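Where a number appears in this text, it was derived from the coordinates with a stated rule and is not lab data. Values in this document were obtained by computation on a predicted structure and should not be read as measured data. Note: ideal-geometry Cβ built from the backbone for every residue, glycine included; neighbour counts use all protein chains shown.
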Amino acid sequence: MLSKVSNALKMLILLKSRGKMTLQELSDELEVSKRQIIRYREDLDKAGIYIDTIPGKYGGYVINNKDYILGLNVIDEEYLTLLSALEHLKYEHFIGYSELKSLVDKIGALRDCENDISFDFVIKNTKSNYNLQREKNIWFDIKAALILNKKIRIIYESAKQELNVRIVHPYYIFQYKGSMYFAGFCEYRNEMRDFKISRIKEYRILDETFDRDSNFDVKEYMKNCFGIFKDQEIFIELEIKYPIAQIIKEKIWVENQEIQELYNNNSILFRAKMKGLTEVKSWILSMGSNVKVIEPISLKEEIKTEAEKILENYK
């Protein structure tokens, strides 16, 4: 009975938030049959909450009375911004997307507006390939261990597909390119390390606690990191040609970057101190013939060697 009431209220919230919805859309959202949606409508009618039916191909259910739930002074621009952020998090595969989506629907239901908002915003991005529910469970358990300062024992698969047992003190959780990670002090390596949650094959929250390093600063830990790799830090100088130069100018890759325009050919000089030589090399190679490494000489030679290996693949 409780789930029936809960779903009827969710249906009310959805209609108030999104305006007109078809039987099929409501059925998909609430994960019940269309016949059950009709029953919810009948139950709401009995409670004095009337839902109108718009007939025809483009028809559906709609609720016009705004008195059932108190309104909030949420203006269209604020609500559109919230919808855009939600769409962005959807394509980033954010671990708490479904819960956030439910919250946005509730906020939408509280809006006092006369017209439906037309939302035409799409994110184009790649998605991570993993079991979302499993990763979500691990994420919540790591979060609990982090709050309680509990150690975690993990069986972790490295990028080389080697399985290793680690005892880790979790410090913080972060997301990078659609994948979830957590950073923690690794007892085996005796240093801070980053662990990709999807590579955790087994884990157990231990009863043993740890003392958090009060001097640890996440901003310092991530400072000048090009990505998440924290291997060798180098100063680089690149000459980047048009049109890639325009793309590079439009982003802040690291906070200390400097860009000098070369107006004679629409090129730029890009200078920065970066950590993560592995990802820096991959980034430079992704620009193909539109980039030339000027400094350091050692990086220039490594890129030349890699380019020669690429050519060998096509001989």
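Over the residues of the chain, the helix contribution to mean residue ellipticity at 222 nm works out to -12000 deg cm²/dmol, using -39500 (n - 2.57) for each DSSP H run of at least 4.
Considering only Ala144, Leu132, Tyr156, and ranking their Cα positions along the charge dipole of segment 132-222 that arises from unit charges at the beta-carbon of Lys, Arg, Asp and Glu, the one farthest toward the positive end is Leu132. Comparing Cys225, Leu311, Leu238 along the charge dipole axis of segment 169-315, the residue lying farthest to the positive side is Leu311, per the Cβ-charge model. How tilted is helix 297-312 with respect to the longest principal axis of the chain? Cα atoms for both, answer in degrees (0 to 90, nearest 10). For 297-312 against the chain, the angle is about 70 degrees.
Alpha-carbon geometry of segment 132-222: the Rg and the Dmax are 12.4, 34 Å, given in that order. Using only alpha carbons, segment 141-296 has a radius of gyration to Kirkwood radius ratio (Rg to Rh) of 1.08. About the Cα centre of segment 233-312, how large is the charge dipole given +1 on each Lys and Arg Cβ and -1 on each Asp and Glu Cβ? Please answer in debye to the nearest 20. With Lys and Arg at +1 and Asp and Glu at -1, about 120 debye. Take the convex hull of the alpha carbons in the chain; its mean projected area over all directions comes to 24.9 nm². Connecting C-alpha atoms closer than 10 Å in a GNM of the chain, tell me which of Leu262, Leu238, Leu80 has the biggest fluctuation. Largest GNM mean-square fluctuation: Leu262.
Backbone phi angles across segment 261-273, fed through the Karplus curve with coefficients 6.51, -1.76 and 1.60 (θ = phi - 60°), yield HN-Hα couplings of 6, 10, 5, 5, 9, 6, 8, 9, 9, 10, 10, 6, 9 Hz in residue order; Gly and Pro are listed as x.
When the chain is treated as a GNM with alpha-carbon contacts under 10 Å, the residue of Arg166, Arg39, Arg18 showing the greatest mean-square fluctuation is Arg39. Taking a ≥ b ≥ c as the square roots of the eigenvalues of the alpha-carbon gyration tensor, segment 233-312 is classed oblate because a/c is 1.5 or more while a/b is no larger than b/c.
Each of Glu279 and Leu206 was given a label point 7 Å from its Cα along the Cα-to-Cβ line. The distance between the two points is 2.9 nm. Against the main long axis of the alpha-carbon atoms of the chain, helix 2-18 sits at an angle near 70°. Remark: Arg35, Arg41 ranked as Arg35, Arg41, counting other beta-carbon atoms within 10 Å and listing the fewest first. A Cβ-based charge dipole, computed about the Cα centre of the chain with Lys and Arg at +1 and Asp and Glu at -1, lands at about 860 debye.
For the chain, the longest principal axis of the Cα atoms and the long axis of helix 132-148 meet at an angle of about 80 degrees.
Pairs from the table (Lys136/Lys241; Lys251/Lys315; Lys219/Lys249; Lys20/Lys177) lying more than 32 angstrom apart at Cα are Lys136/Lys241; Lys251/Lys315; Lys20/Lys177. Enter the Cα centre distance for the pair segment 195-269 and segment 146-171, rounded to the nearest angstrom. If you average the Cα positions of each part, the centres end up 23 Å apart.
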